[in-house]
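The values are calculated or read from the model by the stated rules, or taken from the named source; none is laboratory data. Remember, predicted model here, so these are calculated numbers, not experimental data. Note that we place each Cβ from the backbone using ideal geometry, even for glycine, and neighbour counts take in every protein chain shown. Just the protein is used for accessible areas: all its heavy atoms, side chains included, with ligands, DNA and RNA removed. Shrake-Rupley method; radii C 1.70, N 1.55, O 1.52, S 1.80 Å.
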Amino acid sequence: MIPLSTDTKARVGNRITILIPARKYIMNVAWTEEKPMPAIELFACRLLILFERMLPLELREFFGLSEREEEELLNSLEDKRLAALDLLGYLVPSPLLQGQIGHAGRVPMLVNYNEQTEHVVLDAFALTVRKEQRLSRLMFGLPELPMPESVKGLGIDKVIEEFGRQFRSYLEITRHNEHERLRTQLYKVMGCSASEVLQLAVDIEFTYQQAKGEPKQWIRSVERLSSNQSRPLSSKLEAHIADFLGSNYIEEKGTDAETYCRLADDHVLKTYVKGYQVDYSRWIVARDESKTGYGSPDTRGVFGPLYLLENRREALEWIRKTLYEQDELTDLKALWMPSNVPFWGANSEDIDRFIQDLKNIFERRDNDAKISLIHQGTRWNVRQYLKNIFPYGFSTPLALDRLELLIIPGIFGLIQYHGQPNTDSGVSLPIGYMTKDPARIKHLELLFKTRIGDFGNLNGTWAPPRESNSPLKAQELLPQNWLANPISQSTTRPILSLNR
């Protein structure tokens, strides 16, 4: 948990989604469920508890019943095993009803016995009960924890034991009625068999705060139950997730932080870098003291990915306002060059929301606007969720590194360096600036074109968009003025289109 009283403001630095393995089990379960009684039966039971025995005639006169109604009441109490007639003809409470006397002030309840087949999901690491999820198109290909070897030798007896121990938790995620959950008790598990292997989405938020040396890091991990509901993870499962994050490494190769500051003309971050390292703690203190400004309202520092809610709103507002002010702009292109770090973009919902909002802004001005993801290599080889998020994409022979660039020529620019704030985690913390200053945008455009290099080397495996069966060419994804004055002339090749 984030402390309430701190020296500096705690800042959200990243959010990712990962998939954890789980298995479904089919269980034949019996449980008892308490149900409220009809009012006349309830009061009859209270009288029996109070007086210990009563003549049926006394009950009939007390409630003003006819002989027929008296008979129905007696039969109902006997059928529900709440009362019975003794040898002297008195109605006496049954052991089941007497068992409820010890609960002071408790209203007598009916106890129903139920048998049903339940589909129970247990995660593969901590064997905690989880809610079965259907992965959306935005989750396929997200980083995933491998299935542990211990699951192969897991016995059914252990599964049943864990289910019984966590029965209350199971009711919480499968029964919406709180009254029903409180009145239900597990009786026994009559059978259990292993079913399919599943993957469950876990959302992880990283929050940072100034400290001596590496910044303090708080990690909040939750199981996603629905679009607006989540559930904390067990400490044991969180420990496995921490091991997984720590097993991923950010290599120290390519552009380092000092080189980034020179390429980006980032005179603010320059004060806080050395080699590949960023002194996030000092930067956080300076940010709180309003000492990280770029000398112009048209450029501001960005802490964490641009697509996080904390940054997304302002970036989209800048883009929307600039488009409104520049009526002559029609050739709208957005080119996003990611950083080559383990968990870049591993946030299915936030990055998708940013792309969809940007697409809507573009299409109000230019129906032929394009938003593309650039990837390294000789073919299009990115995780499936990114293909489902970005409308277009192409690969280049360049080698991506810790530098990230987003360019909307003439409109907006973002540049960030992906540092590693904590050595025990492979999750990066991007830091840099976004700008709508024309001079800075031109500078970033030139840097972008320099990093792409020869336009003729742009390539990829083409995938047909829904509305067309023709491959797109590079000219359709790059700004026309870039093609008119390329760094080096060359013939373009077909590239990948991923229109939804």
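Could you calculate the FRET efficiency of Lys152 with Lys35 from 1/(1 + (r/R0)^6), where r is the beta carbon distance between them and R0 is 60 Å, rounded to 0.05? Numbers along the way, then the final one.
Details: r = 42 Å, r/R0 = 0.71.
That gives a FRET efficiency of 0.90.
Please turn the phi angles of the stretch 416-432 into ³J(HN,Hα) values with the Karplus equation 6.51 cos²θ - 1.76 cosθ + 1.60 (θ = phi - 60°), one per residue in order, whole Hz, x for glycine and proline.
9, 10, 9, x, 10, x, 10, 5, 8, 9, x, 8, 7, 10, x, 8, x
When all protein chains stay in place, what accessible area (Å², nearest 10, 1.4 Å probe) is found for Asp79?
130
Let me check something: with ligands and nucleic acids excluded, how do Ser247, Ser94 order by accessible area (1.4 Å probe), largest to smallest?
On the way: Ser247 65, Ser94 15 Å².
Order by accessible area, largest first: Ser247, Ser94.
Restricting things to alpha carbons, tell me how big the stretch 155-276 is in terms of Rg and Dmax, in Å.
Using the Cα atoms of the stretch 155-276, the pair Rg, Dmax is 23.0, 69 Å.
Could you work out the Kirkwood radius for the chain, taking every pair of different alpha carbons, averaging 1/r and inverting it, reported in Å? All intermediate terms of the calculation are to be shown ahead of the outcome.
Numbers: mean 1/r = 0.0365 Å⁻¹.
One decimal place: 27.4 Å for the Kirkwood radius.
So who's got an amide H within less than 5 Å of the one on Gly13, skipping anything under 5 residues away but keeping other chains? H placed 1.01 Å off N, in plane.
It is Phe206, Thr207, Tyr208, by chain and number.
Would you please give the residues with an amide H less than 5 Å from that of Leu198, counting only those at least 5 places away or on a separate chain, with H modeled from the backbone geometry?
It is Ala22, Arg23, Lys24, by chain and number.
May I ask you to give the percent of accessible area on the chain that is carbon plus sulfur, with a probe radius of 1.4 Å?
Details: 11790 of 24360 Å².
Heavy-atom surface of the chain belonging to carbon and sulfur, 1.4 Å probe: 48 percent.
If ligands, DNA and RNA are left out, what is the accessible area of Asp437 with a 1.4 Å probe, given in Å² to the nearest 10?
We get 40 Å² for Asp437.
Specify which residue in the list Asn177, Gly213, Leu237 is farthest towards the positive end of the charge dipole of the stretch 142-275, using unit charges on the beta carbon of Lys, Arg (+1) and Asp, Glu (-1), about the Cα centre.
Asn177
Would you rank Met337, Met37 by solvent-accessible area, highest first, keeping every protein chain in place and using a 1.4 Å probe?
Met37, Met337
Report the dimensions of the stretch 200-337 along its three principal axes from the alpha-carbon atoms, largest first, rounded to Å.
Between the extreme Cα coordinates on each principal axis of the stretch 200-337 lie 56, 39, 32 Å.
How much accessible area per residue does the stretch 202-358 have, counting only protein heavy atoms and a probe of 1.4 Å, in square angstrom? Walk me through the intermediate numbers first.
Numbers: 7470 Å² over 157 residues.
The answer is 48 Å² per residue.
Remind me, relative contact order of the chain in percent, using alpha carbon pairs under 8 angstrom and six or more residues apart? All intermediate terms of the calculation are to be shown ahead of the outcome.
Working: 922 pairs, mean separation 82.6, N = 500.
It comes to 17 percent, rounded to a whole number.
Taking one equal scatterer on every alpha-carbon of the stretch 40-84, how large is log10 of I(q)/I(0) by Debye at q = 0.21 1/Å?
So the normalised log intensities work out to -0.62.
What dipole magnitude, in Debye to the nearest 20, does the stretch 60-100 give about its Cα centre under +1 on Lys/Arg Cβ and -1 on Asp/Glu Cβ?
On the way: 4 positive and 9 negative charges, 45 e Å.
Here the stretch 60-100 has a charge dipole of around 220 debye.
On a 0 to 90° scale, report how tilted helix 67-79 is relative to the longest principal axis of the chain, with both axes built from alpha carbons and the result rounded to the nearest 10.
For helix 67-79, the angle is close to 60 degrees.
Sort Ile361, Ile160 by accessible area with a 1.4 Å probe, largest first. Working shown, then result.
On the way: Ile361 10, Ile160 50 Å².
Ranked list, largest accessible area first: Ile160, Ile361.
Taking the Cβ-Cβ separation of Glu58 and Lys188 as r and a Förster radius of 41 Å, what is the calculated FRET efficiency to the nearest 0.05?
On the way: r = 40 Å, r/R0 = 0.97.
Efficiency at R0 = 41 Å is approximately 0.55.
Provide the per-residue ³J(HN,Hα) series for the stretch 433-448, in order, calculated from phi with Karplus coefficients 6.51, -1.76, 1.60 and θ = phi - 60°, each as a whole number of Hz, with x at glycine and proline positions.
With the stated coefficients, the stretch 433-448 comes to 8, 10, 8, 10, 6, x, 5, 5, 4, 4, 4, 6, 4, 5, 4, 4 Hz.
Could you give me the ³J(HN,Hα) list for the stretch 258-266, computed from phi with Karplus coefficients 6.51, -1.76, 1.60 and θ = phi - 60°, whole Hz, x at Gly and Pro?
With the stated coefficients, the stretch 258-266 comes to 5, 5, 3, 4, 6, 5, 8, 6, 9 Hz.
Just need the relative contact order of the stretch 311-424 here, percent rounded to a whole number, with Cα pairs under 8 Å and 6+ apart. Before the final figure, lay out the partial values.
Details: 159 pairs, mean separation 35.4, N = 114.
Reported as a whole number, the value is 31 percent.
Rounded to the nearest 0.05, what FRET efficiency do Ser136 and Glu251 have when you use their Cβ-Cβ distance and R0 = 45 Å?
Working: r = 31 Å, r/R0 = 0.69.
Approximately 0.90, to the nearest 0.05.
Starting from the Kirkwood Rh over alpha-carbon pairs, what translational D in µm² s⁻¹ does the stretch 1-82 have by Stokes-Einstein at 20 °C and 1.002 mPa s? Please list the in-between numbers first.
Values: Rh = 18.9 Å.
Value of D from the Cα-based Kirkwood radius: 114 µm²/s.
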